[in-house]
Each structure stands twice: as structure tokens, then as C-alpha cells.
Amino acid sequence: MFLRLIALCALLVPATAQADVTIATPAALAQALATAKGGEVFRLAPGDYGTLTLTTTAFSAPVTLTSADPSHPARIDGLATHGTSNLTLDHLAFTYTFHPGDQKWAAPFTITGGQNLTLSDNTFIGANASGTATIVDGLGNGNGLMARGVSGLTLTGNRFSDFFTGLTVRESDHIIIRANDFSAMRSDGMDIIAVQHALIEGNHSHDFIGQPNWNDHRDMLQMWTNGEKTPTTDVTIRGNHFDIGHGSFTQSIFIRNEQVDQGRAGTEMYYRNIVIEDNTLTNNHHHGITVGETDGLIIRHNTVLEVPDTSATAASRIVAPAAYVPTINVNPKDRNVVIEGNVTAAINGYTQQPDWTVRDNVLVHRGSNIAENGYGHSFITSTLTSGGTILARPGGEIDRLHAGAPALHYRPTANAALFSINATSATARRFDASLSTGPDAKPLPPNAISWRFSDGYTASGTVITHDFQSPGTYSATLTLATPIPVSVTVPITIVANDLLRFDPATGALLVRSGAMMKPLSGLKPVNPPGAETFALATGQGGPFTSVDKSLLSDMFDATTLDITLKLRAAESTDPSGQILRITNSLVLTIVPNGGVQLWMMAAKGPIILHTGALPLLDHNWHDIALNYDDALGTVTLATDGTLRASAATAGPTYPRPGSLTLGYPGGKSFTGFVGGFTLR
């Protein structure tokens, strides 16, 4: 009776319960897969297993291929599954070898058809192109993984590196792409085409390596409809980090709808039900989040920030500075749109469409550390440069609205060296380490906090002030005296007050660049009759001197502003006209009676000053000085050292950036010479 009971128990145990087999050769693997029924686990010993090919293999339960020793994963040189179902590939190394003649779209690892496929904790290792005699030699080639026509595909914890494109999924449904890592791509991280029901969550794309002036279209995550008959629908892109790192710039999330925007289809090809939320994008390209024609779009609580392109190819970029700033861009034709709680430089596409909701977004600008919306005021300073997570300043607008991705918000952690910097004068700075914490994640006593500056100054305490004496580039190091000391170093640039300065001795218009003043190229200074120095000429029909708004970012939202001009009217019937214009901010005009008129926009409305009649058109040299000081509450206009007009301020200067022009290309310009000019 006892033996019969054992036999009966054996019959009740599923046949696959003991199907956990270690395999050491490609032939043994082929045999195991040929006889597998479902539920088996095949553990591959370290070694090279060549190309794994499965055709119309539908296992009744998941069959798992995994490495017997994950620290020495089994190597797969090629993958081709066709119509395979219930397969898991785990802790394997998929390794591509470049062969002469391989095209950038080479596809060594493909999944076609099938259902319920899982790839977890694998590495997809690409190879660099060579021998092409082009600038792409040394860059990633081929596609990491291509999946097409799959129903039920899960990718978790995989690492893709050194390909042309890391992952392509098209014409598939019920897709999960979670916690994967994409790096060193020449072009794209993920391409998603004609996919339904997908979750793209918690992935990290970073350090892509490409050539700026080659014909690659680089995106960390891209969707398109070109040539497709079905749009992508029901996709959530959540909690991912798209980071330029030490690589070259890319577009981050780029979702174009070519079939619609090129007129080949109508609303039937609109993307539908796309959610983009809680993502962090730190890059150096205008297309931060860009979405084409969509019906049902939610973009919420994303952090979209500009960080420098420090790659070896950065200097060869030939684009306007605005192209470096990542923004949120939505096609104005999109329907049923919600854009809320994001942190970015700009949101483009919203024109009061009735089915759009745009609210609680915070617009910030990297270039301005004076303005309240500058990075220096918006974030904890040390997190901007230390390579860690960027954190919003507690108590600021981002914190108050709880805008941006969750990772943006400060939470005390153990042994955190953090500090913020505020300007107290042109050269003095206030350093605040009150957010730093010790091993218990609580604030430290002042005697545990020490400071060291590159000019030799040292101090201790939670909050200190240091005056750097002169413009230049310095560094500040904060050290916490915890059981294991923690420190962080931040570069500090102390700049001259002058944003622009014309040097009549050399004829150069100097523009502030960091802590230095550098000459602006393209000027053609002249020697006025009887003058021993250079001047800039203005007049009807030109010439004009212009400075792009990207060089003037520190002026906007400023609380003080000084402009001085030395000018002389030319021999002309009527030399009066505009002498200085900063688009959207101020206009300075020499009127026909020889006086000066100022129009200046401030936060609470325009300011207009008139000096009355003056002899500024008598062909002699004259000085004009404009001073705006919001703290004193005054705007003054003086000529030749005498105050001529004044008014009360109306809040900070107008915050919309604009270019500066000496003279007026669009109308009546002052005709004469500018022999001295400073904007401070």
C-alpha cells in the first residue's frame, strides 16, 4: 500500500516540475528546445551558442533560457524567432559582430510574430562600424532588437549599447518596456511604430554618441506613422530618464505623425490616448517632448531641462542657440489635450484651443541666474553640476505647484551634501547648506559644515557669505564632517557687470561670455571725420549693429540696468531717429528737437520719459545715461552729466528676451556715430 501511494503521488506531480536542465553546447540546446513541451528551464553554461532560431514553436507554458552563471552569461550571436509563443530569455548576452558591408539597419536579433515573450536582464552589445571611410567609423551599427507582429512582449532590465538603434517594436500590441538601459547609440534608443497598448516605464537613455553634421536623426524615444496604415494608440510613457550625460545631443521624445502632416491621411491616423508623465529629460536639443497629430494627449509632471552638450563634437554644431533648449512642443491640431504640472523652458502649440487644458506649468531658463525663473533660483545649485539628480528648491514655485517629475522634489536622505547660492552683490555670494544632512537624514550642526574656495578662503557654518573681489571662474567645496565625510564641489562664475561694451580704441563691441568680455564678430567700425578713435555708424538704410537675444539673457528680469551712450549726429537734414532698441523691452530715440525719448516696458506696464529740447543734434559729441533701479524705485535719464527726466519704476524689467540693435532697420534711424556704449 505504501509503494502504491508513492507511485500515485508521482503521477500527480507535473511532468515539467523537474525540467530544470543545465546545457553546455549549442547542439544540446537545439535538442532541448526541439523536445520541450512547456515549463522547462534551460540553464546555459558559459560559452558561445551561436544563432538561436525558433520557428512556429508554441510552448504550452513558458520555456526559460537563462545563464547558469549570470556573472558569466551565455553568449548568443544571433536571434531569429518566428511565431514563437511562451518563451523567456533571461540573463543572456546578445552580441553583435560588425562585418564589412553591414548596413546601419543590420538586424542580428529579431522577433517576428508570436505571443507572450519575455526578455529580462539581458545585455545587447553592439559593435562600431569600421572601414566605411566616413565619419561614422567608430560609431554604433545595426539594430539591437527588432520585434514585429508580436502580441504580448515584455522587456525588463535589459541593457542595450553601441548600436545604430537599440530597440524597434512595430505593428505589435500589449507591450511592456520597463527598467531598461540604452546608451552609446548612434541614432535612436527606442522606435515604436503602429503599436497598441504599451507601457514604457522607468527606462534610462543616456550618453548617445553621434555626429552632429551627419544625416542621422537621433531620438531617445521616437514614434512615427510614415508608410503605416494603423496609428499607435494607448501608450503610457512614464518615469523614464532621458539624459545627454557625457554624450552628444539628441531629441528626447519625438512623436511625429508623417501620414497626417504630409497630407496622406486624416484624423483616422491620429495617434490616440498617449500619456507622457513623470519623465525627466536633460538634453541639449529643442525637441524635448514633441508630439504630432494626436487625439487624447496628456503631458503632465515632466521635467524638461537644458544641460550643456560637452561631447567632443559639440563645437561642430551649426544651429541657432534656441535649438539647444529642450521644450514641450504639441501640434496645434491635436485634440483633447492636457498639459499640466511640467517644468520646461516653453510650451509651444497652445493657442487657447477649447479642448485643451494647460495649467500649473513652470517655465524656467538655464541662461538667466538673475531672474526668478533662472536655474540658479529654481534648483538647489549643487545638484545642477554634481552629476546627481537635479532637485527643485524647497519653497519655490516648482515646489509649491509640485510641478515636474517626482524625482525633482527634495526629500532628506542620509549623507547629502547640498547647497544653494544666491547673489548679494556683483561679486559676493551667499552659500546655504541648510538642506545638507548627516547619517540620520537630519540637518547637521554648523560646526560639522565647512567650506573651501579656490581663491583660498575657508569658513564653517550652515550659511556663509563670501566676496570673490573680482570677476573670474572659481569653485566652492562643501564638506560634511560625518563618520564618512561627504563633499561636493561646484564651479562659480563671477561675471563683470557689463553685458556689452564698445571699445572705441579697438573698434570692438565686447560681449560678456562667462567671466570674460569677448569681441563680437562681423562689426565694421569707422573713423568719423576728426576722430582719433573708432565709432559705430548708424543711419537711414544702415549700417546697423545687432546683438542676438541669446547673449542678453542676464538682462531680463533684472532689478537694475545702466546704459550709457556717446553719440554724434551726422551732417544730415534730419539726423533724428531711434538710436537704441531692445526688442520688446525698450526704445531710445533722439527726437527732432534734439531731446531724448525713452519707452521702456516693465512688469506692470510701460514707462515713458521725455527730456524736452536739447542740443543733441548739433554735430558735437554728447553723452546719454539711462539708469533703472527697482530697489530705489527710480528710472532716470541724463545727458552730458545732467539729470533730464525721471519716473517711478513699475516692477522688474520686462522678462521677454529680445535682440539689441543700434539704429533702427525697420524705420527712421538716428543718423550718426556711436563712439562709446555700455550696457550694464
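The values are calculated or read from the model by the stated rules, or taken from the named source; none is laboratory data. Computed from a predicted structure; not experimentally measured. Glycine gets a Cβ as well: all are built from the backbone with ideal geometry, and neighbour counts include every protein chain shown.
Table for the structure above
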{"item": "Residue match in the range 291-310 (condition: surrounded by fewer than 16 Cβ atoms within 10 Å (Cβ to Cβ) and either hydrophobic (A, V, I, L, M, F, W, C) or in the same structural domain as ILE200 (by TED's automatic domain parsing) (or both))", "result": "yes"}
{"item": "Residues within the range 590-603 that are buried (at least 21 other Cβ atoms within 10 Å of the Cβ) and at pLDDT 90 or above, tallied", "result": "4"}
{"item": "Members of the range 311-335 that are buried (at least 17 other Cβ atoms within 10 Å of the Cβ) and either among the β-branched types (Val, Ile, Thr) or not assigned by TED's automatic domain parsing to the domain that holds LEU363 (or both)", "result": "THR313, VAL325, THR327, ILE328, VAL330"}
{"item": "Residue among ILE135, ILE125 that is out of contact with any His (no Cβ under 9 Å at 6 or more places or on another chain), closer than 18 Å to ARG186 by Cα and touching a residue at least 40 places away in the same chain (Cβ under 8 Å)", "result": "ILE135"}
{"item": "Options ARG335, ARG317: the member that is basic (Lys, Arg) and at pLDDT 95 or above", "result": "ARG335"}
{"item": "Checklist (1) in contact (Cβ under 8 Å) with a residue 24 or more places away in the chain; (2) surrounded by fewer than 19 Cβ atoms within 10 Å (Cβ to Cβ); (3) assigned to a strand (DSSP E or B) applied to LEU478, failing item", "result": "(2)"}
{"item": "Residues (in contact (Cβ under 8 Å) with a residue 24 or more places away in the chain and either in contact with a Pro (Cβ under 8 Å, 6 or more places away or on another chain) or not acidic (Asp, Glu) (or both)) located in the range 609-620", "result": "LEU609, HIS610, THR611, GLY612, LEU614, LEU616, LEU617, HIS619, ASN620"}
{"item": "Subset of the range 292-308 that is over 19 Å from THR357 (Cβ atoms) and in a strand (DSSP E or B) - its residue that is modelled with the lowest pLDDT", "result": "GLU306"}
{"item": "Search result, residues across the range 481-510 that are in contact (Cβ under 8 Å) with a residue 60 or more places away in the chain, among the hydroxyl-bearing types (Ser, Thr, Tyr) and in a loop (DSSP other than H, G, I, E, B)", "result": "THR482"}
{"item": "Residue in the range 555-569 that is assigned by TED's automatic domain parsing to the domain that holds LEU662, modelled with pLDDT of 90 or more and surrounded by fewer than 17 Cβ atoms within 10 Å (Cβ to Cβ) present", "result": "no"}
{"item": "The lone exception for THR22 - which of (1) assigned to a loop (DSSP other than H, G, I, E, B); (2) surrounded by fewer than 12 Cβ atoms within 10 Å (Cβ to Cβ); (3) modelled with pLDDT of 90 or more it fails", "result": "(1)"}
{"item": "Any hit, the range 145-162, residues being out of contact with any strand residue (DSSP E or B) (no Cβ under 8 Å at 6 or more places or on another chain), crowded, with 18+ Cβ neighbours inside 10 Å and closer than 20 Å to PHE242 by Cβ", "result": "no"}
{"item": "Residue match in the range 409-416 (condition: outside any loop (DSSP other than H, G, I, E, B), assigned by TED's automatic domain parsing to the domain that holds VAL304 and touching a residue at least 40 places away in the same chain (Cβ under 8 Å))", "result": "no"}
{"item": "Subset of the range 349-364 [part of a strand (DSSP E or B) and within 20 Å of the chain's Cα centre (by Cα)]", "result": "VAL362, LEU363"}
{"item": "Residue match in the range 438-445 (condition: aliphatic (A, V, I, L, M), over 31 Å from the mean Cα position of the chain (by Cα), over 30 Å from ARG680 (Cβ atoms) and buried (at least 18 other Cβ atoms within 10 Å of the Cβ))", "result": "yes"}
{"item": "Residue list for the range 413-425, filter: surrounded by 14 or more Cβ atoms within 10 Å (Cβ to Cβ) and within 25 Å of THR465 (Cβ to Cβ)", "result": "ALA416, ALA417, LEU418, PHE419, SER420, ILE421, ASN422, ALA423"}
{"item": "Members of the range 514-542 that are surrounded by fewer than 15 Cβ atoms within 10 Å (Cβ to Cβ) and under 15 Å from PRO575 (Cβ atoms)", "result": "PRO529, GLY541, GLY542"}
{"item": "Residue within the range 572-585 that is at positive phi, surrounded by fewer than 17 Cβ atoms within 10 Å (Cβ to Cβ) and either in contact (Cβ under 8 Å) with a residue 40 or more places away in the chain or in a strand (DSSP E or B) (or both) present", "result": "yes"}
{"item": "Any strands (runs of 3 or more DSSP E) falling wholly within the range 30-127 and containing at least 2 residues that are of a type in the set (Ser, Thr, Tyr), touching a strand residue (DSSP E or B) at 6+ places or on another chain (Cβ under 9 Å) and assigned by TED's automatic domain parsing to the domain that holds ASN143", "result": "51-55, 58-67, 85-90, 109-112, 115-120"}
